[in-house]
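Below: one structure, written as structure tokens.
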């Protein structure tokens, strides 16, 4: 989707920022990047942001994409197909559901040019970093402007969801700049399930399975991948202590030997396919143009990965290998765990 807020490439990791947060608490916020919590906003602004967010949620709950598009900023309205599909796919979950809004945030990005790495520290920070009501938003290449963030918790018969709106002020209006709809479950399991199982797997000595389950917990804990809170920071710190040394992370590759060839692994992470949880491995490839050869290489990588980490047989339904060429294009192959010999 063409949104107003460019995604950060590192925010899914929920970087712990206790030291930086304390420094900012003592000496002040970064110049040109100011965040206001609901209590910090003037009443008129708080009411306008909250009311706009509620109106947009009601449109999503009714499946009214046409009206939602009319309320969007031009960049979003001109390429609305992704938003329309998101609304259509998720709208049945919201029928009859009563949404509860969280206190909104206001981000003020000042200046005349996009901010390469914007960081908004919201609320009060203590000696150990974030507090119960604080939040941090990390955004790359953010255009100047004022942005409202409104998040709804939506319980429903199809499982709990969060619906998050990014609003951009244009004149007296708060226009739709982005929309995120996120289920509170992955493969039928919630945050607490993944954390509990990560603890159990770690206790059993299954360090890799524990790490992969922590990754899913981190994916579930926040409604926005560019937002961190006291809870996300705590989980990040806990999971980092469980990270094995031989898995790729934070942009660093790891080696995997398959059929006498050493491959550079880019990332390994879980992914839900229906109610199944699969393990995805991405690795560097010089080319993927010969799909037949790449298919065979993918199979070799899958078998080598399971040989190296035999514990994954008990935690995942399948493994998917994705060869990634220098241009970022990939070619994937799935092999069910029962078929990996």
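The values are calculated or read from the model by the stated rules, or taken from the named source; none is laboratory data. Values in this document were obtained by computation on a predicted structure and should not be read as measured data. Glycine also receives a Cβ, built like all others from the backbone with ideal geometry; neighbour counts cover every protein chain displayed.
Conditions tested, residue by residue: (1) more than 28 Å from residue 86 (Cα to Cα); (2) in the same structural domain as residue 106 (by TED's automatic domain parsing); (3) out of contact with any helix residue (DSSP H, G or I) (no Cβ under 7 Å at 6 or more places or on another chain); (4) without any contact (Cβ under 8 Å) to a residue 60 or more places away in the chain.
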| residue | (1), (2), (3), (4) |
| --- | --- |
| 32 | yes, yes, yes, no |
| 55 | no, yes, yes, yes |
| 60 | no, yes, no, no |
| 70 | no, yes, yes, yes |
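Condition test on residue 132, is it surrounded by fewer than 16 Cβ atoms within 10 Å (Cβ to Cβ), at pLDDT 95 or above and within 24 Å of residue 183 (Cα to Cα)? Against the criterion (surrounded by fewer than 16 Cβ atoms within 10 Å (Cβ to Cβ), at pLDDT 95 or above and within 24 Å of residue 183 (Cα to Cα)), residue 132 does not qualify.
The residues on offer are 159, 171, 123, and the sole one that is more than 18 Å from the chain's Cα centre (by Cα) and under 18 Å from residue 233 (Cβ atoms) is 123. Report yes if some residue within region 217-231 is within 20 Å of residue 91 (Cβ to Cβ) and within 20 Å of the chain's Cα centre (by Cα); otherwise report no. Looking for residues that are within 20 Å of residue 91 (Cβ to Cβ) and within 20 Å of the chain's Cα centre (by Cα), one finds at least one in region 217-231, hence yes. Quick check: anything in region 49-59 out of contact with any strand residue (DSSP E or B) (no Cβ under 8 Å at 6 or more places or on another chain), surrounded by fewer than 17 Cβ atoms within 10 Å (Cβ to Cβ) and more than 15 Å from residue 165 (Cα to Cα)? No, region 49-59 has no match at all. Among residues of region 87-102 being in a loop (DSSP other than H, G, I, E, B) and in contact with a strand residue (DSSP E or B) (Cβ under 9 Å, 6 or more places away or on another chain), the one that is surrounded by the fewest Cβ atoms within 10 Å (Cβ to Cβ) is 98. Residues that are part of a helix (DSSP H, G or I), in contact (Cβ under 8 Å) with a residue 40 or more places away in the chain and surrounded by 13 or more Cβ atoms within 10 Å (Cβ to Cβ) within region 286-341 comprise 300, 301, 303, 304, 305, 308, 311, 312, listed in sequence order. Contact annotation: residue pairs with Cβ atoms under 7 Å, 6 or more positions apart or on different chains, pairing a residue in region 99-120 that is in contact (Cβ under 8 Å) with a residue 60 or more places away in the chain with a partner that is outside any strand (DSSP E or B) and crowded, with 20+ Cβ neighbours inside 10 Å, are 99/57; 104/49; 104/53; 106/49.
Hey, could you check region 217-253 for residues that are touching a helix residue (DSSP H, G or I) at 6+ places or on another chain (Cβ under 9 Å) and farther than 30 Å from residue 149 by Cα and say which is surrounded by the most Cβ atoms within 10 Å (Cβ to Cβ)? So the residue we want is 247. Going by the conditions given, is residue 271 outside any strand (DSSP E or B) and either touching a residue at least 60 places away in the same chain (Cβ under 8 Å) or within 25 Å of residue 186 (Cα to Cα) (or both)? For residue 271, the condition - outside any strand (DSSP E or B) and either touching a residue at least 60 places away in the same chain (Cβ under 8 Å) or within 25 Å of residue 186 (Cα to Cα) (or both) - is not met.
Within the option set 329, 322, 313, being assigned by TED's automatic domain parsing to the domain that holds residue 258 and under 19 Å from residue 244 (Cβ atoms) holds for one residue only, 313.
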